[in-house]
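The values are calculated or read from the model by the stated rules, or taken from the named source; none is laboratory data. Since the model is a prediction, treat every value here as computed from it, not as a measurement. Positions of Cβ are backbone-derived with ideal geometry, glycine not excepted, and every protein chain shown enters the neighbour counts. Accessible surface areas use protein heavy atoms only, side chains included; no ligands, DNA or RNA. Shrake-Rupley method; radii C 1.70, N 1.55, O 1.52, S 1.80 Å.
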Amino acid sequence: MNERRFTLILMAVLCLFTTSAFGQLTQTVKGRVTDSDSKQPLAGVNITIAVSVDKTIGTSSDGDGYYQLKEVPIGRQRIEFFYVGYQDVRLDNIIVTSGKEVELNVEMSESADMLKAAEVRGKAREATHNEMVSVSARSFDAEEAERYPGSRQDPARMAQNFAGVAGTDDQRNDIVVRGNSPLGLLWRFEGVDIFNPSHFAVAGSTGGPISMLNNKVIGNSDFMTGAFPSEYSNGISGVFDLKMRNGNYNKSEYSGQFGLFGTEIMAEGPISKEKKSSYLVSYRYATLQIFQSLGIDLGTDAVPRYQDMSFRLNFPTKKGGLSVFGVGGLSAIDIVFSDDLAPTKEIYGQKDRDQYFRTNMGVVGVNWRRFINKSTSFNAVIAQNAQQILSDHDKIFREPTDWTRVSLLPVSRSQMLHTKTTGHFSINKKFSARSTLKAGLIADLYQINYLDSLRNEQNYTWSELLNHRGNEYMLRAYASWRYRITSTLTATAGLNLMNTSFGNVTLPEPRFGLNWKAPDNSTVGLAYGMHSQIQPMYVYYTQFTDSITHTFGNHNMDLGPTRSHHVVASWEKMLNPFFRMRAEAYYQSLFNVPVEVLSSSFSLLNQGSGFTRFFPDVLKNSGTGTNYGVELTMEKFFSKHYYVMGTASVYNSRYVGSDGVDRNTDFNGNFIVNMLGGYEIPFGKNDKNSVILGTKFTMGGGKRFSPIDSLLTSRNGAQVIFIDSLRNTLQFRNYYRWDLKIGMKFNNKKSTHEFAIDLANVLNIKNILTISYFDDPENPGNKIYAEEYQLGFLPNFWYKFDF
């Protein structure tokens, strides 16, 4: 009986991944072609795919810019776009599968000199989708996010592979750009700036353990690391400009995935085929919680619980269109030690207290576009964004003679809610093939409700750290102008003007850029930008007894934004159609940095990572900082079944606090190196299936830290106290990690199945995270120091199917 059941199961599996022998598997490739400057649809664009040596599939875009190529063989394809007076576009390695139609929306640039029209090659080679960018930018999409080993299908972790970005904290997806704090990053989603899109996000941070952004719904997006265009402000290190893709307007499609970090489903399809309107929706639920409910031992009782959802409804028209979008997530974790019957090796939390943590974030909005005439388009986005962070801590007291007898003392209660209503209105005007202007206005209205109380563990009295309810605003006007001086020389200029009630300031921010395409097929770029950013919002409203006048109240309400100058020089050369080298050198000068009024080493440039908030003394905008370095990227794009990318960054990140001492910042690792690559082995009839191999090696400088003041720490009894004058004079040993990815993809007639396992830290290297000081669980009443290590070997798996 058992043998018969096994035979039936084996036959079912073989049927699942066996394709009918009749004919080659094909799929539809479709999309829309528009002008990159005016955003108008382009009619009559020729689109071709050379599916074999003697066969080419071709079509032309219709009056609304739409095109459709049917019966495209599955596999990796090259798609080319030709239009008179425009630069040719060639997209290499477009993955065509049987389970899902391919949608490629392409923007084409009118040639400033038709006799010298250049060819734009390769989707992965496209510097950015934003035409105003001059340097330090890269485009990315969902397929690229899937490719990199160790990225956990997380867009933020994917960006850690790029030059200038350090990713040496396994617990978090913080993006450290060129030695800056992660706080300097600006998240933009569908044209509006959003709060931290991470599960388990801590106030005053831009990252977390896992992103709530599903990489499968991301469309053409950009990542920038310096001197970005004038439409971006309130960020001083980098910009993540995310766009969602549209759902399939031709037919309904579905996807499912089961993996370690989530079980998810996705659906998309037409609302009206005639009008080409569509829907796209995805939902993910924490797989670890499912395992726990099934009684599977996960090695911890503190199982993270989270879920997230994203959607987009698209309604195009001949004169523009309307879309409705949204993304949101809920997360919770309970780290409870009070019910332990013996000392535990729990991997999360401080072991002398029970901790309850909740975070919720969401944004919904409407995007409306109108083509005013053939050279002008108007865009308006209205969105509502909210973030809630809840935290409770209960101190554990145990009987020295009886471990099981405990009492709990509430020591922390925190409720933080901030919302934001945003309107972003912009206009694109194309004066000619040479001259383009983009101008806009961004208005943000903040609603803030904070209540945070802390209990003194010595005398048990409560004090309010936060108790504020009110409104704030931020207005930003910008203009960016691009002028193609010749077919090889392009200049950009812009200005951003920010007015905000946070600190009551009005700040002009000029931006400039220049790009020259040399005769030897290299490109040289130079850019300058002034950038500003307000402080984490809760810092303005924190209540405390200051160390100067010894009065209780809000002492940092008038803090101004941190400001900086960026200068970047870049060089890029295509050695052949599939190999690129890029080098950049940069210098960043930061000023108006908040530091303490009293002489100390504190600077806000050191904050923004980890799972704890910071509550400084009275601050003033007199600190400074400097970041400078060089970066190198060598990239062999996917061809002949493999790709390779290497990035290396050497940098120095320094700051000066109110004590006047020049020091290393917390994020000055001095160097970061990434080497990654992948190989695909096709098999089966017409190479319809494939084995996917990938690997990545990361080496980076260790995190900076300070010597511990043992005497003051033992007297304080609650936290580690470092020697302030020696801050960041020490450094943990270098960070090393090797990741490996193995997968298989099967294409059937109407479905695609993929199995993959992503092995992070294969060698189980113990990279140091921090030094902690807490109650010794084996000797109640005593304190111990301990090195805490980052994640060890972590196998991540998933099974995905499209149909």
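A few points about this structure:
- Condition check for Phe705: within 30 Å of Tyr587 (Cβ to Cβ) and touching a residue at least 12 places away in the same chain (Cβ under 8 Å): yes
- For the stretch 147-179, a residue qualifies if it is assigned to a helix (DSSP H, G or I) and within 14 Å of the chain's Cα centre (by Cα), and the qualifying residues are Pro155, Ala156, Arg157, Met158, Ala159.
- Whichever residue in the stretch 276-289 is open to solvent by 50 Å² or more (accessible area, probe 1.4 Å) and not charged (D, E, K, R) and, among such residues, is farthest from Asn314 (Cα to Cα): Tyr285
- Of all residues in the stretch 242-251, those being open to solvent by 10 Å² or more (accessible area, probe 1.4 Å) and either modelled with pLDDT of 95 or more or closer than 25 Å to Arg138 by Cβ (or both) number 4.
- Filter result (outside any loop (DSSP other than H, G, I, E, B) and buried (at least 24 other Cβ atoms within 10 Å of the Cβ)) within the stretch 225-241: Gly238, Val239, Asp241
- Hey, Phe315 of a type in the set (A, V, I, L, M, F, W, C), open to solvent by less than 20 Å² (accessible area, probe 1.4 Å), closer than 30 Å to Ile427 by Cα and at pLDDT 95 or above or not: no
- Check on Phe82, open to solvent by 30 Å² or more (accessible area, probe 1.4 Å), modelled with pLDDT of 90 or more, of a type outside the set (Asp, Glu) and more than 32 Å from the chain's Cα centre (by Cα): yes
- Top-ranked residue of the stretch 53-69 - restricted to ones that are in a strand (DSSP E or B) and open to solvent by 50 Å² or more (accessible area, probe 1.4 Å), ranked as farthest from Thr28 (Cα to Cα): Lys55
- Looking across the stretch 585-633, the residues that are in contact with a helix residue (DSSP H, G or I) (Cβ under 6 Å, 6 or more places away or on another chain) and within 26 Å of Thr359 (Cβ to Cβ) come down to Pro594, Gly608, Ser609.
- Elements of the type strands (runs of 3 or more DSSP E) sitting completely within the stretch 441-547 and holding at least 1 residues that are acidic (Asp, Glu) and either surrounded by 15 or more Cβ atoms within 10 Å (Cβ to Cβ) or at pLDDT below 95 (or both): these cover 462-484, 505-517.
- The one condition in (1) open to solvent by less than 30 Å² (accessible area, probe 1.4 Å); (2) touching a Ser or Thr at 6+ places or on another chain (Cβ under 7 Å); (3) at pLDDT below 90 that Asn728 fails to fulfil: (3)
- The residues of the stretch 412-425 include none that are among the small types (Gly, Ala, Ser), open to solvent by 10 Å² or more (accessible area, probe 1.4 Å) and modelled with pLDDT of 95 or more.
- Residue in the stretch 340-353 that is open to solvent by 30 Å² or more (accessible area, probe 1.4 Å), small (Gly, Ala, Ser), within 30 Å of Ile448 (Cβ to Cβ) and modelled with pLDDT under 95 present: yes
- Being of a type in the set (A, V, I, L, M) and assigned to a strand (DSSP E or B) is a property that does not hold for Ala433.
- Taking the stretch 260-275 as the range and being surrounded by fewer than 20 Cβ atoms within 10 Å (Cβ to Cβ) and not in a strand (DSSP E or B) as the test, the residues that pass are Leu260, Lys273, Glu274, Lys275.
- The set of residues from the stretch 397-411 being more than 30 Å from Arg469 (Cβ to Cβ), in contact (Cβ under 8 Å) with a residue 12 or more places away in the chain and either open to solvent by less than 60 Å² (accessible area, probe 1.4 Å) or touching a Leu at 6+ places or on another chain (Cβ under 7 Å) (or both) comprises Phe397, Arg398, Trp403, Thr404, Val406.
- Residues within the stretch 528-568 that are of a type in the set (A, V, I, L, M) and within 18 Å of Leu598 (Cβ to Cβ), tallied: 3
- Hits in the stretch 480-513 (condition: of a type in the set (Val, Ile, Thr) and more than 27 Å from the chain's Cα centre (by Cα)): Ile485, Thr486, Thr488, Thr490, Val505, Thr506
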